[in-house]
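Below: the structure, in C-alpha cells.
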Amino acid sequence: MRRLDRETVDRIAAGEVVTRPARVVEELVENALDAGAERVDVAVTGGGEERIRVADDGRGMSREAATLAVERHTTSKLPDGDLRAVETLGFRGEALASIADVATLELTTNDGGPRGTRVRVADGDVRVDAAGRGRGTTVEVTDLFHNRPARRESLAAPATEFERISDRVAAYALLRPAVAISLDHDGRRTFATPGSGAFEDAALSVYGREVARESTTLDAEARVEVGDGDASVGIDGVLAYPSVTRASAAHVRVAINGRPVAMPAIRRAVERGYGSLLSGDRHPVVALSVSLPPRAVDPNVHPTKERVALRSADAVAAAVEDAVADALSTADLRRSADVAMDLSAALDPVEAEPSVLGDIDVLGQFRDCYVLCAADEELLVIDQHAAHERINYERLRGAVGADGIPAKSLDPPATLSFTPDEVAAVEAHADELSALGFDAAPFGGGTVRVRAVPAPLGRVAAPESLRDTLAALRDGQEPDGRDSLLADLACHPSLKAGDDLSEEAAAELVTRLGTCEQPFACPHGRPTVLAIDEGHLARGFERHPRRD
C-alpha cells in the first residue's frame, strides 16, 4: 500500500466514487477480487444505506497497510504509476476514503499474521485497534450519506436500490465463476454461487434451472490487430438458447478483463451472433468474459469505471460475434430441453448436404402439429410449423441473394384498404416491395391493388402479408438487411397446426431441417423441439433408467 504521486493523481479521471449504495458494493467486491479472494459474501440491509457488509478470504492487509488504505489517493494496485500496466479491477486507491467520507466505515483485516487489525472511520475520526480475524478482509459500511441529506433523499425506494445492488453482484457472480459469491438481503440468502469455475454453475445459482438447462458455454480465442502488433482475445462464457429471452438487454452481461462493464458495441455483437434466432423485440441471456492484454484496454475513460475503451474495438466486436454464432450453430443444442428448429415448405430431397438430424427415427405425428422422433435415448417432439418455417426462411434468404423471390400473380387482383400514409409508403417503397415479390400500387380512395405476392418455394403468401412487410420497411429496415421481412414471409406459407403429413413427408421434413444453418430455432427465435430423455420418462413412471 502506498500513496500515489501528484502526477499520477492528476492523470487519473478520479471523481467521487460513491453515488449510491450499489457503488459501495461494487468497489468493495472489486477490492476483494483484486485481493485474490476465492469467496466473497455480501450482506445488505434495506436499500444499503443502513448497512452493507462485504467479507472475503483474500490476502488481507497488515496494520500499516490498513491504516494507509483509508487515506485519499493510496493504492496497492498500480505498478510504478503506469496506467497502461493495470491488470486489476481497481487502481485509484480512493474508494475506502470516499466511502468513509459519507458513511461510518469499519475495516477488519488480517494478512495471515497472529492477529488482525480493525480500522474504524467515523466523521473523520480514525481509530485503529487489534482484532481477531482469519486471513482476509471484512468491510462494514453503515449509515450511508448520514452527512449528505440531499444525497440520501435522492435515493430511490429501498427495493429499487437493492435491485441495483443485486444486479451488480449478479454480474460479478456470473462473470467470475471461479469465485464463490453470495448475496444476503435482510438476513435472507438471495443467491450463492459455488465457485466451481463453471459458467453454467454460476448461471444455475443466479437464474435457476431453466436458464442453466437451456444454455451452452463457449470458449474461443481469436487474434486481432492492436496498434503495431496483434493480440490474443479470449472469449468465454455462457449463452442461453434462443428459447430463453428477456424483454431487456440488461441480461447481456459483459466483462472486459474480469470487470463487468457497459459495452454497447460488444452487446450488439453478441446479439448479432444470435442473428435470426432472436425475434426483433427480445434479447438473450448471456454472460460473456472477454480477455485482452492490458495494453489493448484503457480503463480510465469513465470516473466510475462503468465503461472502458478498447483498441481495435471493431475487430474485438467481430471476434465476439463470430464466437457466439459458432457456439450457437453446434448440433449440441439438440440436447437441450427446449431447443428451436424450423423447416421449409418444399420437401425436395437433399442429395449433397448431410443432416444433423439424419440419425433419428420418425415415430409419427401427434395432433397434426408435432412430429415425434427417437434419437438415441431421447424423445424429440418437433413443432412442424416452426421447423417448416426455418427451412422456408433459409431457402427464401438464398433466393433473395440470387435472382429474387418468386412471385405468383393473383387473378383477380386483391384490394386492401390502407391509411393515407400507408398508401404513400407503398409508392415510396415500390422497388423494395417488388424485390420481395409484391406487385402492388395505389388504386385510389385509400385502397391498394395487389397483383402479385411472394411465392417462396411454391407456397403463396397471403395478400395481407403486404401490411407486415410494409410496416417493417417503414421502420427503417433496408432491403439488404431484411431478415425479419423474410421471416414474416416464411411464416405465411409454412405448415400449420392441423396439416396432416404422411410418414414420408414427416421424415423428409426432419431431414431437411437438419441441413439448415440454424436448425434449432425458427427465424423468430421460438423453440421448435422438445427433447425428453429416457431418465425423465423413467422418473415419471417410477422406474429405473436402463443401463448399457
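Structural remarks
- Projected area averaged over orientations for the range 206-328, convex hull of C-alpha atoms, nm²: 7.4 nm²
- Shape parameters for the range 504-548, alpha-carbon atoms, Rg then Dmax in Å: 15.3, 39
- Length gained on full extension, Glu221 to Ala150: 20.7 nm, using 0.36 nm per residue less the C-alpha separation.
- Two-site label geometry, Ala192 and Glu427: point separation in nm, points 7 Å out along Cα→Cβ: 7.0 nm
- Value in Å of the Kirkwood radius, where the range 129-234 supplies the Cα pairs that are averaged: 17.5 Å
Just so you know, all these numbers are worked out from the coordinates, no wet-lab data involved. Not measured: the values here are computed from a predicted model. Glycine gets a Cβ as well: all are built from the backbone with ideal geometry, and neighbour counts include every protein chain shown.
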